[in-house]
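The values are calculated or read from the model by the stated rules, or taken from the named source; none is laboratory data. Keep in mind it's a predicted model, so treat the numbers as computed, not measured. Note: ideal-geometry Cβ built from the backbone for every residue, glycine included; neighbour counts use all protein chains shown.
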Amino acid sequence: MALLESVVSDLGPPNPWFSWDWVVANKSDLLTAVEQQVLITIAAVGLATIVSFPLALLARKFRRAESFILTLAGVLYTIPALALIAALYPLFGFSAWPVIVALTVYALVVLVRNMIVGLDGVPADVVDAARGMGFSPSRTLWRVEVPLALPAILAGIRIATVSTIGLVTVGYLVGYGGLGQIISYQFQLPIGRRGAVAAIIGCILLAVIADVLLLLLQRALTPWARRRRVATA
Amino acid sequence: MSGIWAWLTDPANWSGEDGIPHRTLQHLVISGEALLLAMIVALPAALVLGHFRRGGNVLIGVGNVGRAIPTYAAIVTFALTDQIGVGSLAVVLGLAVFALPPLLVNTYVAVTQVDKDAIDAAKGMGMTGRQVLGKVEVPLAFPLIFAGISITTVQVVATATFGALVGAGTLGLYITQGQSVQDYSEMYAGVILVAVLCVVLDRLLALVQRLIARRTGRPTVRNRRISAEEAATPIPVRVV
């Protein structure tokens with residue numbers, strides 16, 4: 001990066017959009033913002049994962065609940081983040097909670113859908129075989145159905161995580177926006193450009209890192225999926 | 001609650017520059033311009049790439065990472081560019097950037113999912129590549145292409161709320177204004193207006209999708225049962 005900066009500065013006047021010196025000078029602010037962004041993302045996706053699992057089971061048990069849950073989720077999903085966070089703010093005040101709850105709602109939509117699809121995708125004869133071997137329904141769920149649905153569930157967690165990272169920035173509205181904070185508090189100043197660009201770069205980097213980590217987790221948790229791919233290749 | 005109702009039914013809020021009709025129009029015009037711009041760029045590119053089945057991995061990769069770009073930051077970046085400045089142009093450009101990845105990926109995927117046999121038959125009849133694209137691939141892929149445009153449209157209209165932050169008005173202005181002066185009636189009225197606009201648009205487009213499905217005899221994306229493989233592939237849907 002230092003090399004990149006020296007190349008850029010050799011080309012002409014200091015770059016108003018990105019400067020490594022600016023990043024170094026604001027290191028502590030940037031690190032605090034990144035930390036907040038990561039913590040809010042983990043809280044929202046974690047909460048959504050915990051809540052979505054029983055919802056998905058409920059939807060599979062009662063098909064009428066499925067269409068109700070999916071319709072409600074679809075409606076909630078279309079509400080803009082700015083509006084949802086604003087709507088939650090009088091309830092929670094200036095805290096991270098309006099942001100976490102709003103982002104949990106969005107992540108829920110992706111997760112419930114993927115969980116239902118993943119569980120529905122488990123072949124019926126595999127479930128029959130497990131029951132035939134004397135597995136109880138709950139043991140069938142945990143030892144057979146959930147592991148087989150894992151690729152779809154983890155794909156849902158990846159989508160939810162990457163989109164949540166970008167969405168955290170909207171939390172600047174209540175003072176908890178992670179990197180969104182650097183955009184807003186220096187918005188009017190000329191230096192705002194560097195803040196906005198740094199926030200975009202930061203979000204993309206965080207998203208790529210999170211995506212790669214979750215992909216590795218997915219590979220580690222579902223080794224059979226990779227083995228099968230190797231076998232067919 | 002009664003405050004919100006009073007605000008929504010106050011005739012003063014239904015006329016003039018800051019009135020609900022004007023703000024709604026502003027909201028829709030900005031969204032429409034952004035969508036048009038994104039479609040002019042994305043659709044031809046995705047159709048050609050889909051026809052040749054090239055660049056799919058790159059497109060899907062860009063689509064996934066693009067999900068993480070905060071639209072709010074993109075709009076602010078455009079607003080802070082000297083040649084653009086604060087105003088509706090910055091929002092249009094920011095929203096267009098936001099709309100590009102889902103349009104590219106959905107259109108590309110739609111074209112590549114066209115039945116191989118139909119394409120082979122068209123080629124066997126002596127159609128040129130251009131004819132295959134125009135007369136076979138696009139018509140057969142149309143329901144899916146339209147579904148992608150619908151999803152993107154609703155997302156763009158939802159995201160246009162950010163226009164309030166860079167002096168472009170929109171319905172989002174009631175939210176930010178209300179929040180900054182602690183007028184919760186105005187803020188909640190804004191939340192309700194934006195939410196209703198998005199949900200109504202979403203339902204309308206779903207209806208159009210169903211009509212298209214009835215005419216073409218193919219299931220809509222919403223009603224189609226999604227396969228496990230599809231669920232395991234990240235698809236480009238995002239809210240901001």
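Residues being among the small types (Gly, Ala, Ser), more than 20 Å from B:GLY16 (Cα to Cα) and more than 8 Å from chain A (Cβ to nearest Cβ): count how many of those fall in segment B:153-190.
First pass over segment B:153-190, keeping only residues among the small types (Gly, Ala, Ser): B:158, B:160, B:163-164, B:167-169, B:172, B:178, B:180, B:185, B:189-190.
Right, trim to more than 20 Å from B:GLY16 (Cα to Cα) and you get B:158, B:160, B:180.
Still in the list and also more than 8 Å from chain A (Cβ to nearest Cβ): B:160, B:180.
So the count comes out to 2.
Working carefully through the options A:ALA130, A:ALA152, find the one that is in a helix (DSSP H, G or I) and buried (at least 20 other Cβ atoms within 10 Å of the Cβ).
A:ALA152
Exactly one condition in (1) touching a Cys at 6+ places or on another chain (Cβ under 9 Å); (2) surrounded by fewer than 16 Cβ atoms within 10 Å (Cβ to Cβ) is false for B:VAL154; which is it?
Looking at each condition in turn, B:VAL154 falls short on (2).
Hey, among B:TYR184, B:TYR174, which residue is within 30 Å of A:LEU84 (Cα to Cα), surrounded by 24 or more Cβ atoms within 10 Å (Cβ to Cβ) and of a type in the set (Phe, Trp, Tyr)?
On the way: B:TYR184 fails: surrounded by 24 or more Cβ atoms within 10 Å (Cβ to Cβ).
One residue alone meets the criteria, B:TYR174.
What helices (runs of 4 or more DSSP H) lie completely within segment A:1-91 and have 1 or more residues being at pLDDT below 85 and touching an Asp or Glu at 6+ places or on another chain (Cβ under 7 Å)? Working first, answer last.
Values: elements: A:2-11, A:20-25, A:27-61, A:63-78.
It comes to A:20-25, A:63-78.
Count, please, the residues in segment A:86-115 that happen to be among the β-branched types (Val, Ile, Thr), more than 10 Å from every other protein chain (Cβ to nearest Cβ) and surrounded by fewer than 22 Cβ atoms within 10 Å (Cβ to Cβ). Full working, then the answer.
Step one: of segment A:86-115, the residues among the β-branched types (Val, Ile, Thr) are A:99-101, A:104-105, A:109-110, A:112.
Next cut, more than 10 Å from every other protein chain (Cβ to nearest Cβ) only: A:99-101, A:104, A:112.
If we keep only those that are surrounded by fewer than 22 Cβ atoms within 10 Å (Cβ to Cβ) as well, we get A:101.
Counting residues in segment A:86-115 that are among the β-branched types (Val, Ile, Thr), more than 10 Å from every other protein chain (Cβ to nearest Cβ) and surrounded by fewer than 22 Cβ atoms within 10 Å (Cβ to Cβ) gives 1.
Output the residue which, of all residues in segment B:51-64 that are surrounded by fewer than 17 Cβ atoms within 10 Å (Cβ to Cβ) and within 12 Å of chain A (Cβ to nearest Cβ), is farthest from B:ALA168 (Cα to Cα).
The residue in question is B:GLY61.
Against the definition (part of a loop (DSSP other than H, G, I, E, B) and either in contact with a helix residue (DSSP H, G or I) (Cβ under 8 Å, 6 or more places away or on another chain) or at pLDDT below 90 (or both)), how does A:LEU206 come out, yes or no?
Numbers: part of a loop (DSSP other than H, G, I, E, B): no; either in contact with a helix residue (DSSP H, G or I) (Cβ under 8 Å, 6 or more places away or on another chain) or at pLDDT below 90 (or both): yes.
No.
Would you mind telling me which numbered condition in (1) within 13 Å of another protein chain (Cβ to nearest Cβ); (2) assigned to a helix (DSSP H, G or I); (3) in contact (Cβ under 8 Å) with a residue 24 or more places away in the chain; (4) over 16 Å from the mean Cα position of the chain (by Cα) B:THR77 fails?
Tallying (1) within 13 Å of another protein chain (Cβ to nearest Cβ); (2) assigned to a helix (DSSP H, G or I); (3) in contact (Cβ under 8 Å) with a residue 24 or more places away in the chain; (4) over 16 Å from the mean Cα position of the chain (by Cα), B:THR77 fails exactly one: (3).
Would you check if B:VAL166 is surrounded by fewer than 20 Cβ atoms within 10 Å (Cβ to Cβ), in contact (Cβ under 8 Å) with a residue 40 or more places away in the chain and of a type in the set (A, V, I, L, M)?
On the way: surrounded by fewer than 20 Cβ atoms within 10 Å (Cβ to Cβ): no; in contact (Cβ under 8 Å) with a residue 40 or more places away in the chain: yes; of a type in the set (A, V, I, L, M): yes.
Criteria not met by B:VAL166.
Run down A:ILE165, A:ILE159 and say which single residue is buried (at least 24 other Cβ atoms within 10 Å of the Cβ), without any contact (Cβ under 8 Å) to a residue 60 or more places away in the chain and of a type outside the set (Lys, Arg).
Working: A:ILE165 fails: without any contact (Cβ under 8 Å) to a residue 60 or more places away in the chain.
Only one candidate passes the filter, namely A:ILE159.
Whether any residue in segment B:97-106 is closer than 28 Å to B:ALA141 by Cα, within 11 Å of another protein chain (Cβ to nearest Cβ) and either in a helix (DSSP H, G or I) or not basic (Lys, Arg) (or both) is what I want to check. Lay out the reasoning, then the answer.
Initial filter on segment B:97-106 (closer than 28 Å to B:ALA141 by Cα): B:97-106.
Going one step further and asking which of them are within 11 Å of another protein chain (Cβ to nearest Cβ), we end up with B:97-98.
Going one step further and asking which of them are either in a helix (DSSP H, G or I) or not basic (Lys, Arg) (or both), we end up with B:97-98.
Yes.
Kindly indicate which of B:THR77, B:THR107, B:THR71 is polar (S, T, N, Q), buried (at least 19 other Cβ atoms within 10 Å of the Cβ), modelled with pLDDT of 90 or more and closer than 30 Å to A:VAL212 by Cα.
Numbers: B:THR77 fails: modelled with pLDDT of 90 or more; B:THR71 fails: modelled with pLDDT of 90 or more.
From the options B:THR77, B:THR107, B:THR71, the qualifying one is B:THR107.
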